[in-house]
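K.L.:
Please find one structure pasted underneath; my questions will follow.
The values are calculated or read from the model by the stated rules, or taken from the named source; none is laboratory data. Given the structure is predicted, the values throughout are model-derived calculations rather than measurements. Cβ: placed from backbone, ideal geometry, glycine included. Neighbour counts: every protein chain shown. Quick note on the areas: whole protein, heavy atoms, side chains included, nothing else; ligands and nucleic acids left out. Shrake-Rupley method; radii C 1.70, N 1.55, O 1.52, S 1.80 Å.
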Amino acid sequence: MTTAALPATFTVDPWDPAYGLAFGDELEGGALQESSAELNLDTELPADQWRPLDPDPGPAVPATVLFLDGVRRIDARVWVHGNGPQPAPGIAASYAAGLVCCDGAARITDVIVERGLFTSAAHAADIGTRHARYPALLASGPGMDKLSLALQQCLGAAEVQLANAFRAAHRSGDDLLVVDGPLRGRTHLARTVGYIKTHHASYLPAGPAAVVAALRPGQRSPVFAMGTSWRRNSWYLQLPGAAGAPWAGVVRLECSADLPPAQATALADLTARLLPPLASTAHKDPRAPQNLVPIGGLERELRRRLGDQQLLYRALRAAASG
């Protein structure tokens, strides 16, 4: 005789979702981690000839520069009941992706706002509340890292959807797409670079790292190849308006490892010409100058469109008790 599975219910964890979650960008102690990445420093110049590079002023800049970004937020931690003696953990989260088009003026062209209940419980049901619906989305495991990964994958898919839709509608072929964050999972996008403004690891040995520290505003490092769990070409760029702290105003960019060295170098030169004038300023953005003006403005709008977290949290509590 088999026992029918109980219907899925859920409860909302009363602990503030901002606590105890490994979603932050900061490192313990504020120190860079040593990297085990495989490096090829000779992609553009031999490693012993590395020096700060001024961008090649020759090639024409694209008519359109696109900036793609996304934000995510945990509205509540939940426990899914109904299939065994122990409830399964989950997160009710909101996420949004947006695209900014700069073609003489900057404007937000499109935004996607979604929500989801991320859990490894296959029997989980969608959560409907007075203010929002959280479709049940399956994560590969119950740990917070797996729940976070599932959320990030959905956000990444939304970002790619926006970029592809814009390019399908315009089909100019004369643009550059700047993705805020690593390019992992998006290296198939043409004319695209990843923009990394927070340094979590020290990838370069001492000699090349000293070249990065010596960069002046608008200068970049040579392109190098890097492999961790995935491969890409990368380079460092110094933005204006930073002083004092080591590597202040330095960002890292990356593009597909499938590009020939000449194309990767051309992309590096293009970013060194286009991005420094878009650097934010300290009186407007606490993450200046790394947070480019179009990205900072887009992030603020996306967070606004996520809605009031406390209102959504109360609605989740009410739905759980109802």
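K.L.:
Which ones in the range 219-238 are modelled with pLDDT under 95 and part of a loop (DSSP other than H, G, I, E, B)?
P.N.:
Thr228, Ser229, Trp230
K.L.:
Looking for something touching a residue at least 12 places away in the same chain (Cβ under 8 Å), surrounded by 14 or more Cβ atoms within 10 Å (Cβ to Cβ), farther than 18 Å from Leu215 by Cβ and within 20 Å of the chain's Cα centre (by Cα) - is there at least one such residue anywhere in the range 274-284?
P.N.:
Yes, there is a match, as at least one residue in the range 274-284 is touching a residue at least 12 places away in the same chain (Cβ under 8 Å), surrounded by 14 or more Cβ atoms within 10 Å (Cβ to Cβ), farther than 18 Å from Leu215 by Cβ and within 20 Å of the chain's Cα centre (by Cα).
K.L.:
Another question, if that's okay. Can you tell me which residue in the range 72-89 is farthest from Arg300 (Cα to Cα), limited to those that are open to solvent by 60 Å² or more (accessible area, probe 1.4 Å) and outside any strand (DSSP E or B)?
P.N.:
Per the criteria, the residue is Pro85.
K.L.:
Please enumerate the residues belonging to the range 90-139 that are polar (S, T, N, Q), surrounded by fewer than 19 Cβ atoms within 10 Å (Cβ to Cβ) and touching a residue at least 40 places away in the same chain (Cβ under 8 Å). So that I can check it myself, show each step before the final result.
P.N.:
Quick first cut of the range 90-139, residues polar (S, T, N, Q) only: 94, 109, 119-120, 129.
Add one more test, that the residue is surrounded by fewer than 19 Cβ atoms within 10 Å (Cβ to Cβ), and what stays is 109, 120.
Scanning the range 90-139 gives a single hit, Thr109.
K.L.:
Which condition from (1) open to solvent by 10 Å² or more (accessible area, probe 1.4 Å); (2) on the phi > 0 side of the Ramachandran plot is the one that Ala210 breaks?
P.N.:
The number of the failed condition is (2).
K.L.:
Sticking with this one: Go through (1) in a helix (DSSP H, G or I); (2) in contact (Cβ under 8 Å) with a residue 60 or more places away in the chain; (3) touching a strand residue (DSSP E or B) at 6+ places or on another chain (Cβ under 7 Å) and name the single condition Val212 misses.
P.N.:
In the conditions (1) in a helix (DSSP H, G or I); (2) in contact (Cβ under 8 Å) with a residue 60 or more places away in the chain; (3) touching a strand residue (DSSP E or B) at 6+ places or on another chain (Cβ under 7 Å), Val212 misses (2) alone.
K.L.:
Okay, next question. When only residues in the range 43-61 that are open to solvent by 70 Å² or more (accessible area, probe 1.4 Å) and without any contact (Cβ under 8 Å) to a residue 24 or more places away in the chain count, which is farthest from Ala266 (Cα to Cα)?
P.N.:
Ranking the candidates gives Gln49 first.
K.L.:
Across the range 285-306, what is the number of residues that are more than 17 Å from the chain's Cα centre (by Cα) and part of a helix (DSSP H, G or I)?
P.N.:
Selection size over the range 285-306: 2.
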